[in-house]
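**Q** Okay, here's the structure, questions in a sec.
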Amino acid sequence: MSRLDAASLLLPSPPPIKPHRRGGRLLPSALAVLGGAVVLVVFVLLPSPPNPPRNYGSLFLSLGSNDTAASHLRALTLHPHVAGTKANSLTAAYVLHALSSLSFPAHITPYSVLLSYPVHRSLSLSTAPGGRGSTKSFSLVQETYPNDPYAPAAAEVIPTFFAYSASGSMSAEAVYANYGREEDFAYLASRGVDVAGKVALARYGRIHCEDIVYNARVAGAAAAVVYTDPLQYGGAPGEGSFPNTRWLPPTGVQVGSLFRGVGDPTTPMWASSEGCERVSVEDAMATDDMPRIPALPVSARDATEIHRVLGGAVAPVEWQGRGDGPVYHLGPGPAVLNLTYAGNDTMATIENVFAVIEGEEEPDRYVILGNHRDAWTFGAADPNSGTAAMIELAHRFSMLQKQGWRPRRTIILCSWDAEEYGLTGSTEWVEENREMLSSRAVAYLNVDVSVVGPVFQPCTTPQLDELLLETIKLVQDPDNSSQTVYDSWVKSNVSPKKIGRLGDGGSDYSAFVQHVGIPSTNMIFGEGPGYPVYHSLYDDFVWMEKFGDPGFRRHVAAASIWGIMALRLADEEIIPFDYMSYTVELEKYTEVVERDVRGTPISCSPLYNSIKALKRAATKVNNERKEILRELSRKQLSKGSSKVRGLNDRLMQAERAFTNREGIFKQEWFKHLIYGPLEQNDWDTASYPGIANAIAAARSTNTSASWKLVEHEIHRVARAVMQASAVLGGSLT
Ligand SMILES: *[C@@H]1O[C@H](CO)[C@@H](O)[C@H](O)[C@H]1NC(C)=O
Ligand SMILES: *[C@@H]1O[C@H](CO)[C@@H](O)[C@H](O)[C@H]1NC(C)=O
Ligand SMILES: *[C@@H]1O[C@H](CO)[C@@H](O)[C@H](O)[C@H]1NC(C)=O
Ligand SMILES: *[C@@H]1O[C@H](CO)[C@@H](O)[C@H](O)[C@H]1NC(C)=O
Ligand SMILES: *[C@@H]1O[C@H](CO)[C@@H](O)[C@H](O)[C@H]1NC(C)=O
């Protein structure tokens, strides 16, 4: 049953009851519930209770409201709301109220965790060796524009900083390090440019700030400055910036967290529950996952001034900027940067908000939807476009309930806190509830930023591919009503027909996938990697209204996709997972490994054999599904049958088998052997991280022991895939 026709997709399993037209009524009542919001498809013929409509999927799709999404987004983004602050506690109260006033039981779960705030920053530039030339102090302020409605609230925005940066003062020559990748520092070394004791100047655009600063420290830098180059963030020369265009203004600064771990740094492998064991703040700040050198993010304008006075060799072409600024030189000096930073790394309270829609038949099976709420600034895109979509979706669920809908399984809506600091809110919760989630969670559907552009960009664990594709064939393209999201996605040249995977630490799916092994998705309407005002002052409602989603139809489409997937996962008798696509993916990853070990005696046949076994199990389970559905439709099987439950448990648990108690070598929190971060981080999601790390190590040392380790990692993954096939197949040897 891999493909169903679109109309039958959305039906809870028994055959559809004929629309019961006698006594039917139009649905203006739904309009009233929305309080005057524009409902996109307005009239739906519904039977009257007590014969409730069964096609809740199409009802759900018909109830989308762009005004509901827009009004929640506006309310959530009036003030900046960094984790651990009073302002963010108010957004927790807002979400709690919004969900509980839709009559969903809702609650807050707080944690005390180590966060980080700026106390003092300064950066000055001297134009002569030894800092003896004229000195310029940078203001480090992101400027508002004339008539900016958010100018008064801009004063509440946290000063530009890097969370968990070391405190200290460092005055030294600057060196330009391009994107701050390992290879960039290696290039500097090859050119004889010594980074030791210097201030590394690097730009965003290829890797995350925590990895840039980490690489700088490893290369010996005493401090780091990271900036947004107009090449990536400023559009074409002369194009202008926000509020006239979508691009980042010259004084815009991208802030972020420098912590390379996940969760609360004082509870590295366990939950920050009350009275728990904790590492001291000093010890937590001294680990290798912390930057341990002072660092600051700066604007393109400030970086341009630094570039203007940097000397030394001219940087290579790929290291240059947009062409309308100074030519970039490598340094060191004569520019001297004096960077001073004092931070407050302090315990603070964060709040996760939950609403629960209890399942009628299987209350102990969870379909979990999550989005974070904390923002570095106003958070109109990141993350509250997702929060607004989640609340809009909840409005629709509440209207379905009024029409008689009761999900078969429990649906949980989660509003995470402190994602920006290190996926902290979701990580602590998953750690605290690990065994419950492991035995009960069907799927986790994450949305962080829901909207910054027109291009649908999905990521899933592969057994959800088919469900995702079926879903986006039902949802109208928000930018073109004569096609579906699927049609526009297929045509897009940003990520043509490619579903991303979830191996990176990009958002709150990390703990669900990589720590517990829960089938998951993440999605965004974007415009390629990133967007210009990311983590800056300008990520506000005006930017969203003008550039991210004029008309707020993409928010509605995001909520539609999210909600339809949730409805099917929660309502269908048999969980709509198809593991055949997992086997296709695993084959692709194995071909990469095979290429990487060519010329060594290492064989990939253990992997290929395990994938064959998984294929057999996936085929078997798909046939069983067909058979059970046949029996159910002929009433040869009762709805609550243990046969149904047994099949569903196998589908749910097979993903867990890809995890391993010991986790990835040297990254033991990451238990998933297929998807997880690489040691040498980059923006791309990784597959077979243990094997990839081992190959990288073996390549650099080329000892027989190191290649032996590659072989071991291949066997570990093959064993996990074998375990998954056993779970899916459902029989003991
Ligand atoms: C660097 O700046 C700090 C703060 O303004 C100042 O106290 C310190 O003296 C400066 N260091 C040097 C070497 O100029
Ligand atoms: C650091 O934060 C704590 C708790 O929020 C506060 O009590 C303390 O005064 C702050 N310290 C500094 C130096 O700002
Ligand atoms: C809208 O979709 C239709 C059907 O796919 C396509 O023919 C048309 O070119 C699209 N319009 C735009 C403006 O992209
Ligand atoms: C919602 O859509 C309607 C109809 O297209 C439009 O008139 C309205 O301005 C939109 N609302 C917002 C907040 O953009
Ligand atoms: C690695 O070691 C093997 C065996 O010692 C040798 O044949 C091979 O050339 C080496 N490869 C590299 C890239 O150094």
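**Q** I'd like to verify a number: residues in the stretch 448-480 that are open to solvent by 10 Å² or more (accessible area, probe 1.4 Å) and away from ligand 4 (no atom under 16 Å from the Cβ), how many?
**A** 11
**Q** If you don't mind, another one. Please specify each residue of the stretch 541-574 satisfying the condition of being among the hydrophobic types (A, V, I, L, M, F, W, C) and either on the phi > 0 side of the Ramachandran plot or surrounded by fewer than 20 Cβ atoms within 10 Å (Cβ to Cβ) (or both). Explain how you work it out, then say what you get.
**A** Initial filter on the stretch 541-574 (among the hydrophobic types (A, V, I, L, M, F, W, C)): 541-544, 547, 552, 556-559, 561-562, 564-567, 569-570, 574.
Passing the criteria: Val542, Phe552, Ile574.
**Q** Is there a residue being open to solvent by less than 10 Å² (accessible area, probe 1.4 Å) and within 16 Å of ligand 4 (Cβ to nearest atom) anywhere in the stretch 357-365?
**A** No, the stretch 357-365 has no match at all.
**Q** Here is a follow-up. Determine which member of the set Glu527, Glu587, Glu591 is in contact with a Gly (Cβ under 7 Å, 6 or more places away or on another chain) and open to solvent by 40 Å² or more (accessible area, probe 1.4 Å).
**A** Of Glu527, Glu587, Glu591, the one residue that is in contact with a Gly (Cβ under 7 Å, 6 or more places away or on another chain) and open to solvent by 40 Å² or more (accessible area, probe 1.4 Å) is Glu527.
**Q** Could you count how many residues in the stretch 383-412 are open to solvent by 10 Å² or more (accessible area, probe 1.4 Å) and in a loop (DSSP other than H, G, I, E, B)?
**A** 4
Okay, residues lined up against (1) open to solvent by less than 10 Å² (accessible area, probe 1.4 Å); (2) within 22 Å of the chain's Cα centre (by Cα):
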| site | (1), (2) |
| --- | --- |
| Cys414 | yes, yes |
| Ala418 | yes, yes |
| Val430 | yes, yes |
| Glu435 | no, no |
| Ser438 | no, yes |
| Val442 | yes, yes |
| Asn446 | yes, yes |
| Ser482 | no, no |
| Lys498 | no, yes |
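One line per residue, one yes/no per condition, for (1) outside any helix (DSSP H, G or I); (2) open to solvent by 70 Å² or more (accessible area, probe 1.4 Å):
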{"site": "Asn622", "(1), (2)": "no, no"}
{"site": "Lys626", "(1), (2)": "no, yes"}
{"site": "Gly640", "(1), (2)": "yes, yes"}
{"site": "Lys643", "(1), (2)": "no, yes"}
{"site": "Leu647", "(1), (2)": "no, no"}
{"site": "Ala657", "(1), (2)": "no, no"}
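**Q** Does the stretch 340-357 include one or more residues that are touching a Gly at 6+ places or on another chain (Cβ under 7 Å) and of a type in the set (Ser, Thr, Tyr)?
**A** Step one: of the stretch 340-357, the residues touching a Gly at 6+ places or on another chain (Cβ under 7 Å) are 341, 348-350, 352.
If we keep only those that are of a type in the set (Ser, Thr, Tyr) too, we end up with 341, 349.
Yes; the residues of the stretch 340-357 include at least one that is touching a Gly at 6+ places or on another chain (Cβ under 7 Å) and of a type in the set (Ser, Thr, Tyr).
Table: residues versus (1) within 16 Å of ligand 3 (Cβ to nearest atom); (2) charged (D, E, K, R); (3) assigned by TED's automatic domain parsing to the domain that holds Gly312.
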| position | (1), (2), (3) |
| --- | --- |
| Leu99 | no, no, no |
| His120 | no, no, yes |
| Leu123 | no, no, yes |
| Ser126 | no, no, yes |
| Ser134 | no, no, yes |
| Ser137 | no, no, yes |
| Leu140 | no, no, yes |
| Glu143 | no, yes, yes |
| Pro149 | no, no, yes |
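**Q** In this structure, does Asn352 turn out to be outside the structural domain of Ala93 (by TED's automatic domain parsing), over 23 Å from Thr521 (Cα atoms) and either buried (at least 23 other Cβ atoms within 10 Å of the Cβ) or within 16 Å of ligand 1 (Cβ to nearest atom) (or both)?
**A** Numbers: outside the structural domain of Ala93 (by TED's automatic domain parsing): yes; over 23 Å from Thr521 (Cα atoms): no; either buried (at least 23 other Cβ atoms within 10 Å of the Cβ) or within 16 Å of ligand 1 (Cβ to nearest atom) (or both): yes.
Considered against the rule, which asks whether it is outside the structural domain of Ala93 (by TED's automatic domain parsing), over 23 Å from Thr521 (Cα atoms) and either buried (at least 23 other Cβ atoms within 10 Å of the Cβ) or within 16 Å of ligand 1 (Cβ to nearest atom) (or both), Asn352 comes out as no.
**Q** Take the residues in the stretch 518-556 that are in a helix (DSSP H, G or I) and touching a helix residue (DSSP H, G or I) at 6+ places or on another chain (Cβ under 6 Å); name whichever of them is farthest from Val442 (Cα to Cα).
**A** Of all residues in the stretch 518-556, those in a helix (DSSP H, G or I) come to 541-548, 553-556.
Next, from what is left, pick out any that are touching a helix residue (DSSP H, G or I) at 6+ places or on another chain (Cβ under 6 Å): 541, 553, 555-556.
Numbers: Phe541: 35, Arg553: 29, His555: 25, Val556: 25 Å.
The qualifying residue farthest from Val442 (Cα to Cα) is Phe541.
**Q** A further question follows. Name, by its number, the condition in (1) closer than 20 Å to Ile158 by Cβ; (2) part of a helix (DSSP H, G or I); (3) of a type in the set (Asp, Glu) that does not hold for Asp345.
**A** (2)
**Q** Are any residues in the stretch 104-126 over 21 Å from Tyr341 (Cα atoms) and open to solvent by less than 80 Å² (accessible area, probe 1.4 Å), and if so, which ones? Before the answer, list the steps.
**A** In the first step, residues of the stretch 104-126 are kept if they are over 21 Å from Tyr341 (Cα atoms); the result is 104-113.
Scanning the stretch 104-126 gives Phe104, Ala106, Ile108, Thr109, Pro110, Tyr111, Ser112, Val113.
Conditions tested, residue by residue: (1) without any contact (Cβ under 8 Å) to a residue 24 or more places away in the chain; (2) of a type outside the set (Val, Ile, Thr); (3) part of a helix (DSSP H, G or I); (4) closer than 28 Å to Gly425 by Cα.
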{"residue": "Thr267", "(1), (2), (3), (4)": "no, no, no, yes"}
{"residue": "Gly275", "(1), (2), (3), (4)": "yes, yes, no, yes"}
{"residue": "Val279", "(1), (2), (3), (4)": "yes, no, no, yes"}
{"residue": "Asp302", "(1), (2), (3), (4)": "no, yes, yes, no"}
{"residue": "Glu318", "(1), (2), (3), (4)": "no, yes, yes, no"}
{"residue": "Gly321", "(1), (2), (3), (4)": "no, yes, no, no"}
{"residue": "Asp324", "(1), (2), (3), (4)": "no, yes, no, no"}
{"residue": "Leu337", "(1), (2), (3), (4)": "no, yes, no, no"}
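**Q** For Thr590, state whether it is away from ligand 2 (no atom under 16 Å from the Cβ), within 27 Å of Ala694 (Cα to Cα) and at pLDDT below 95.
**A** On the way: away from ligand 2 (no atom under 16 Å from the Cβ): yes; within 27 Å of Ala694 (Cα to Cα): yes; at pLDDT below 95: no.
It is false that Thr590 is away from ligand 2 (no atom under 16 Å from the Cβ), within 27 Å of Ala694 (Cα to Cα) and at pLDDT below 95.
The values are calculated or read from the model by the stated rules, or taken from the named source; none is laboratory data. The structure presented is a predicted model; accordingly, all values stated were derived computationally and were not measured. Every residue, glycine among them, receives a Cβ derived from its backbone with ideal geometry; neighbour counts consider all protein chains shown. SASA here: full protein model, heavy atoms, side chains in, ligands and nucleic acids out. Shrake-Rupley method; radii C 1.70, N 1.55, O 1.52, S 1.80 Å.
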